[in-house]
């Protein structure tokens, strides 16, 4: 009986792991080879008309990322970044809320969030990865 329960828990765990792996939709690569993904589910949809926005997570896998921290310039390789963003598809704008940067082993290198009064909608530049994010989010969740 214990073996059956163990196998059942193992199968459920592997299923959860597999679905987690599928939770990121690849949207493209930047010229430097960095890869961009959008979460396959959105956190929320709010507003209406031109004020309608979609909140979701974006993942970027960087081959090389340089940060200035405590007066030092640090370069990391094979890191990934998660960003919570809001996207206004109608107005072609994006707002960055929270960002976390992880090293190759999954340890947090740095994390930052913006206060409500610091948050601002940014116009999406045509041909940029922000535009690819906006298009993917619009097609998936609108």
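All of the numbers you see were taken from the coordinates with simple rules; none came from a lab. These numbers were taken from a predicted model, which means no experiment stands behind them. Cβ placement follows ideal geometry from the backbone for every residue including glycine, while neighbour counts extend to all protein chains displayed.
If we sort 76-86, 31-41 on the protection proxy, mean other Cβ atoms within 10 Å, highest first, what's the order?
Result, highest mean Cβ count within 10 Å first: 76-86, 31-41.
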Could you work out the relative contact order of the range 80-142? I mean the mean sequence separation of Cα pairs under 8 Å and 6+ apart, divided by the number of residues, in percent. 31 percent
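Sorted from fewest to most neighbouring beta carbons within 10 Å, what does the list 109, 122 look like? All intermediate terms of the calculation are to be shown ahead of the outcome.
Working: 109 15, 122 12.
Ascending number of Cβ neighbours within 10 Å: 122, 109.
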Sort 42, 89 so the one with the fewest other Cβ atoms within 10 Å of its own Cβ comes first. 42, 89
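Sort 98, 66, 60 so the one with the fewest other Cβ atoms within 10 Å of its own Cβ comes first. Walk me through the intermediate numbers first.
Values: 98 13, 66 9, 60 19.
By the 10 Å Cβ count, ascending, the order reads 66, 98, 60.
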